[in-house]
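Participant: Sharing a structure below in structure tokens format, with a few things to ask.
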Amino acid sequence: MLPFVMAWVRYHEKNALRYGRKLNDTEINWAKKIGITHPHKIRILSLKRIPTPIPHFIEKIIQKLGFPAGNASGMCMRYGIYTRQLHANNKSLIAHELVHTHQYERHSSLWNFLKLYLTETMMLGYANAPLEIEANNTAESTIATAHQHPPIPQKITHQ
Ligand SMILES: [Zn+2]
């Protein structure tokens, strides 16, 4: 199954990189805060429906396990991110997918990341997978603190 998923991810990453938009300044700041090494490589492509690598009847079974298969609002293929048009401006969603980009970078290869991601989600379920929990938590804290200005340096006055 993994080689098939790898090929699928590669194909869709290329597609998003080719047709997607660059990150805006706010998103670049989030990406840096999250720790992404190459924020400028990222492209976001908005689609009516997010494709899935699985046939429809399997999708139905997977939905019963708690996966948002078939009606996902976003998907991250390393530097290529898909967002569903309805949610294209959803900050939490974009920040969440950016955390996945960082996870891909951290695990140094598509293979390593996908193997871990699939293992976690299959064993623990989508909602309990540590990579998903991290994406939710980091996305929320990134958005919550990103609007705060850095402290203004105090003026030094000479008397
Ligand atoms: Zn996720």
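We did not get these values from a lab; they are worked out from the coordinates using the rules stated. These numbers were taken from a predicted model, which means no experiment stands behind them. Ideal geometry is used to build each Cβ from the backbone, glycine not excepted, and the neighbour counts take in all protein chains shown.
Participant: For K64, K33, what's the fewest-to-most ordering of other Cβ within 10 Å of each Cβ?
Facilitator: K64, K33
Participant: Describe numerically, in nm with one decimal, the distance between label points set 7 Å from Cα along Cα→Cβ at W8 and at T119.
Facilitator: Simple spin-label model gives 2.0 nm for this pair.
Participant: Along Cα→Cβ, 7 Å out, is where each label goes; now give me the distance between the ones at A144 and N112 in nm to one decimal.
Facilitator: Placing both labels 7 Å along Cα→Cβ, they lie 3.0 nm apart.
Participant: Give me T138, T145, T83 ranked fewest to most by other Cβ atoms within 10 Å of their Cβ, as a rough exposure proxy.
Facilitator: T145, T138, T83
Participant: Of L2, L114, how do they rank once you tally other Cβ atoms within 10 Å and put the fewest first?
Facilitator: Starting with the residue having the fewest Cβ neighbours, the order is L2, L114.
Participant: Continuing with this model, one more query. Quick check: Cα centre of segment 1-27 to Cα centre of segment 101-118, how many Å?
Facilitator: Using only Cα atoms to place each centre, the spacing works out to 14 Å.
Participant: Out of the DSSP beta bridges found with both residues in segment 2-146, what percent are antiparallel (nearest 5)?
Facilitator: 55
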